[in-house]
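For reference, the structure discussed in these notes is given below.
Here, each number is a calculation from the coordinates, and none is a lab measurement. Everything numeric here is computed off the predicted structure, so don't read it as measured data. When we count neighbours, we look across all protein chains shown, and the Cβ atoms used for this are built from the backbone with ideal geometry, even at glycine.
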Amino acid sequence: MSRDEISELASMLPAPAPRQLPAQRAQALREHLLTEFGNARRTAATAPPRRLTRRPARRAGRRPSRAALAGACAVATAAAVGAYALVAGAGRQGGASPAAATLLAKIANAAEHQPAPRVRDSDFMYIRSEVAFATYTNGSPTPKMDKLHERQVWLPVANVCVTGLLIEEGQRTLLSAYPVVNGKVDRTPPSPAPAVNGKIAASPLSVVCGKGGLNGPTYRLLQSLPTDPRTLLNLIYADTRGEGQAVGPDGEAFTTIGDMIRETIVPPRTAAALYRAAALIPGVTLVGHVTNAAGQPGIAIAFTGSQSRYEWIFDPATLQFIGERDYDTVAHAVTGDTAILDEAFVARAGQLPAR
Amino acid sequence: MEPTLRGRVRDGDPDAFGVLFDDCSRAVYNLAFRLTGNRHEAEEIVSLTFLEAWRLRTRVEPEGQSLRPWLMGITVNVVRNFSRAARRHQAAMARLPEPASAPDFAEELAERIDDAARLAAVRAAFGRLRPAEQDVIALCVWSELDYAAAAQALGIPVGTVRSRLSRARVKLRRLAVEPDGARAPADDGAGEPDRRGEQLPDDIDTAVRPAHGGTR
């Protein structure tokens with residue numbers, strides 16, 4: 001029956017005409033990839049596989065819009081995609097070191113007792129921070145830090161299809177689940193009205209509106225997460241299954257929680273649940289006496305992978321999250337350095353909070 | 001003894017990845033284009049697919065047939081989890097040479113000849129299917145993988161490939177009867193992007209529950 005079925009499907013849904021990468025472009029990609037692999041191999045000869053330093057989830061790269069949008073896809077379609085699907089989070093053994101667990105319990109309690117702000121769907125989360133990140137140029141094993149600079153983001157509270165804003169190093173970038181082309185949000189209407197000539201921004205794959213995903217959450221998504229720490233952690237393990245080879249599932253869970261507290265405002269109950277969930281992750285440790293990018297002294301909760309250590313920094317007095325630091329433990333160099341300076345809900349993207 | 005291509009891929013031999021690129025990059029690009037409908041994205045997905053293949057190389061079984069199904073499975077996952085893949089390989093992607101702005105002439109011509117209206121109709125019908133159904137259509141019907149290879153690519157049982165195809169066929173027959181974008185019947189809501197977005201918390205829930213009927 002299979003041939004008949006396939007033929008019938010092919011007649012109902014004929015394959016779009018085959019496209020080809022222009023030959024020159026294919027050659028350029030091939031060369032680039034083989035260079036990457038060759039460099040990785042040379043690096044690997046002296047060190048375990050490098051895990052790329054995580055940057056803020058919505059850090060504007062070449063295509064800032066995609067970060068916010070496809071995080072939603074990742075969660076929404078997790079059930080549909082074989083490799084990432086269908087794990088009831090296996091209860092993992094152990095947990096954070098006793099010192100880290102104690103500190104996390106205190107941090108969670110402090111977070112839980114913060115007042116819950118009243119937030120409208122139309123509001124934006126505003127976060128101002130100071131950041132610097134390293135790049136490994138041309139596969140060099142030695143990271144090079146860029147200059148510490150201010151970064152401001154405005155992120156929608158309820159729907160990733162609402163346009164946000166990033167201002168960094170004098171550049172204004174729109175953040176949207178839709179493609180941003182030449183500084184404009186391209187909201188080609190959804191199907192069934194596809195454009196022609198292969199420029200179809202309307203397929204359900206392209207944009208999923210709504211609350212976002214674990215790696216690019218809106219405030220409403222964070223509010224909707226389970227507040228039981230074990231349930232929440234199982235959800236995170238399930239969503240990140242098979243990822244993070246160099247750090248393993250525990251490191252991946254840790255960095256995913258990092259994605260949720262970084263450049264967001266976390267509702268008190270969710271924050272408490274996230275920190276309590278972190279206390280259940282094996283390999284989480286405490287690092288005393290660190291400073292954030294603004295020079296504020298702090299105490300850190302950390303996870304060490306094969307080559308890097310990721311630290312969340314907290315004010316030792318207020319137990320507020322005040323920044324992050326990433327450290328390359330092979331090159332002995334800081335690769336990420338941030339400080340949160342200000343966060344608030346505001347009514348419009350681009351608006352500064354009232355003082 | 002001459003090591004196999006699979007063995008060399010496992011061992012991280014860049015030249016073996018060169019062979020893989022020569023053999024499969026066209027198929028990967030076409031699959032990506034058909035799933036996204038966008039040439040620019042398809043190109044990024046090609047790069048991400050091979051970067052992911054490099055990362056996951058040690059999972060390749062030393063014995064076996066062509067690595068094409070494996071690569072195409074990675075492609076589907078990259079399409080479905082674009083931001084995660086893009087972020088993981090952010091440094092490598094940033095080093096990627098920018099594409100030339102003008103598409104080359106042959107490509108332009110091919111696009112003009114392509115029947116735009118038909119393509120639009122196909123995209124509209126395809127968009128009404130669930131992602132899981134789109135994946136099996138793209139692999140079995142458009143990329144001509146057999147059921148076993150598609151099952152391997154997607155990491156699902158062969159029976160699941162069959163049932164997804166059957167379901168897609170039934171749905172498409174129904175769509176063929178009510179053309180011109182008539183609203184889908186009530187049981188068909190998952191194909192609509194808005195609804196899927198709005199339902200996120202439920203979807204998170206189902207993502208950790210194996211017995212979600214809609215993905216079978």
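Quick notes on this structure:
- The fewest-to-most ranking of A:185, A:290 by surrounding Cβ atoms within 10 Å reads A:185, A:290.
- Projected label distance in nm at residue A:330 and residue A:144, using a 7 Å step from Cα toward the beta-carbon: 1.9 nm
- Residue order, fewest to most surrounding Cβ atoms within 10 angstrom, among A:208, B:9: B:9, A:208
- Counting Cβ atoms of other protein chains within 10 Å of each Cβ in A:228-237 and taking the mean gives 1.
- At R0 = 60 Å, FRET efficiency that the Cβ-Cβ distance of residue B:163 and residue A:118 yields, to 0.05: 0.80
- Modelled spin-label separation between residue A:185 and residue A:99, with each label point placed 7 Å from Cα along the Cα-to-Cβ direction: 4.7 nm.
- Other-chain or far-sequence residues with amide H under 5 Å of residue A:322's (modelled H): A:313, A:314, A:315
- Where only alpha carbons of segment B:1-99 are counted, the Rg and the Dmax (Å): 13.3, 44
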